[in-house]
Amino acid sequence: MVRGVREWKAGNKEFLLAIVFSGVLAWVAAFFSDITDIKFNFQTYALSGWFVFGGLIFGLGAALNKSCGVSTLSRLARGDVRMIATILGWLVGWVILAYWSPNIEEVKSSLPGEISYIPLVVITLTITVWALIGDRKRKNLWFGMLGIGLLSGFIYLYQPRWPPSALLHQISAALIDGNESNWPSAEQYMFFLALLLGMFLAAWRTKKFIFIPFSFKYLTEHLLAGTLMGVGASIAMGGNSVQLLLALPTLSPSGFCAVAGMLLGIWSGHYIIKCFKWD
């Protein structure tokens, strides 16, 4: 989403739209779950200003970090060790919310939290036609984004807590509560390591691995950015991956609030970077 906003400001509005609609193929994974009796259900919540606020804080942190959740891990795999400070900031943010949590009333939505096939299929067909009548660049953009959403849907069936931020969130909760049952499963650790290894091998193969060390300045900046992302994701009940690939496809009202807040936060973060010359 950070790059999407940057591209939008540069005049390429289509890139951000492709990101926002990247989860529409979730209906394919949902259909597969129906015929295989695999549970596919996502808890939806009603409209609330807290989700906008959480998204705003997350987006601000993501803008200062210049990457959202999975992109942070990707940059780390490509040799940018400054992202370690961002990841530590995620933990700090979740710990802060664990000890000091605002009185948020989470009202469950009347929506079932299941995939609504008709609107998603219609959007899928519209996007497919739009991409096919375009040039190669448009095809690569839209089909690439749809492919990411499709894979994410099947990954969710296999491991609902697949985002790296979800793993670290569980770890922080287990450390605070002292409850051994809250610790992530061995499967989650293995999935996280496999994801990181895959990103590293891809960066190495494409010769995009560049070691970028960090100074004390970068440590504090990215720690602050990561903390904002952790706090925001906790309030909004998920970072951008959860909102785009799960909340929006299930038509969760809170998901639309969170995504709107994230976009506003990223835009605000870009303004702060420009005004204060944040490196």
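Sort 149-161, 229-241 by packing, meaning the average of other beta carbons within 10 Å per residue, with the highest value first.
Details: 149-161: 17.5, 229-241: 27.9.
In descending order of packing, they fall as 229-241, 149-161.
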Under a point spin-label approximation (7 Å from Cα along Cα-to-Cβ), what is the Ala186-Val81 distance to one decimal in nm? 3.1 nm
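Quick one: which of 166-173, 188-195, 82-89 comes out on top by average Cβ neighbours within 10 Å, and what's the full order, highest first?
Values: 166-173: 19.4, 188-195: 14.9, 82-89: 21.9.
Result, highest mean first: 82-89, 166-173, 188-195.
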Compute the distance in nm between two label points, each set 7 Å from the Cα along the Cα-to-Cβ direction, one at Ala10 and one at Ala98. 3.9 nm
Based on the alpha carbon coordinates of region 156-279, what radius of gyration and maximum Cα-Cα distance (Dmax) apply, in Å? 17.1, 46
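Of the peptides 263-270, 140-147, how do they stack up when ordered by the mean number of other Cβ atoms within 10 Å, highest first?
On the way: 263-270: 20.9, 140-147: 17.1.
Highest-to-lowest ranking by the protection proxy: 263-270, 140-147.
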Could you estimate the translational diffusion coefficient of the chain from the Stokes-Einstein equation, with Rh from the Kirkwood formula over C-alpha pairs, at 37 °C and 0.692 mPa s, in whole µm²/s? 169 µm²/s
With every protein chain kept in place and a 1.4 Å probe, the chain has an accessible area per residue in Å² of 52 Å²
For every helix of n ≥ 4 consecutive DSSP H residues, a contribution of -39,500 (n - 2.57) applies; sum these over the chain, divide by its total residues, and give [θ] at 222 nm rounded to the nearest 500 deg cm²/dmol. -22500 deg cm²/dmol
Formal net charge of residues neighbouring Pro213 (Cβ-Cβ distance under 13 Å; K, R +1; D, E -1): +1
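What helices does the chain hold that run 18 Å or longer along their axis, going by alpha-carbon atoms, with a Kyte-Doolittle average of 0.5 or more, using DSSP H for the helix calls? Don't skip to the end; give the middle numbers.
Details: long enough: 49-65 (24 Å, 1.51); 83-99 (24 Å, 2.01); 117-132 (22 Å, 2.09); 136-158 (33 Å, 0.40); 164-177 (20 Å, 0.89); 186-205 (28 Å, 1.22); 216-236 (30 Å, 0.89); 253-276 (34 Å, 1.14).
For the chain, where a helix must reach 18 Å along its axis and average at least 0.5, the hits are 49-65, 83-99, 117-132, 164-177, 186-205, 216-236, 253-276.
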Post the alpha-carbon centroid distance, region 178-248 to region 160-176, in whole angstrom. 10 Å
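Within the set of other residues whose C-beta is less than 12 Å from the C-beta of Leu196, count the net charge using Lys and Arg as +1 and Asp and Glu as -1.
On the way: positive: Arg75, Arg78; negative: none.
Summing Lys and Arg as +1 and Asp and Glu as -1 gives +2.
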Just the number, please: carbon plus sulfur as a percent of the accessible area of the chain, 1.4 Å probe, no ligands or DNA/RNA counted. 68 percent
Can you pick out the pairs among Lys39/Lys207; Lys9/Lys139; Lys137/Lys274; Lys208/Lys274; Lys13/Lys39 whose Cα atoms lie more than 32 Å from each other? Lys39/Lys207; Lys13/Lys39
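The values are calculated or read from the model by the stated rules, or taken from the named source; none is laboratory data. Values in this document were obtained by computation on a predicted structure and should not be read as measured data. No Cβ is skipped: glycine too gets one built from the backbone with ideal geometry, and neighbour counts run over all protein chains shown. These accessible areas exclude ligands, DNA and RNA; they are computed on the full protein's heavy atoms, side chains included. Shrake-Rupley method; radii C 1.70, N 1.55, O 1.52, S 1.80 Å.
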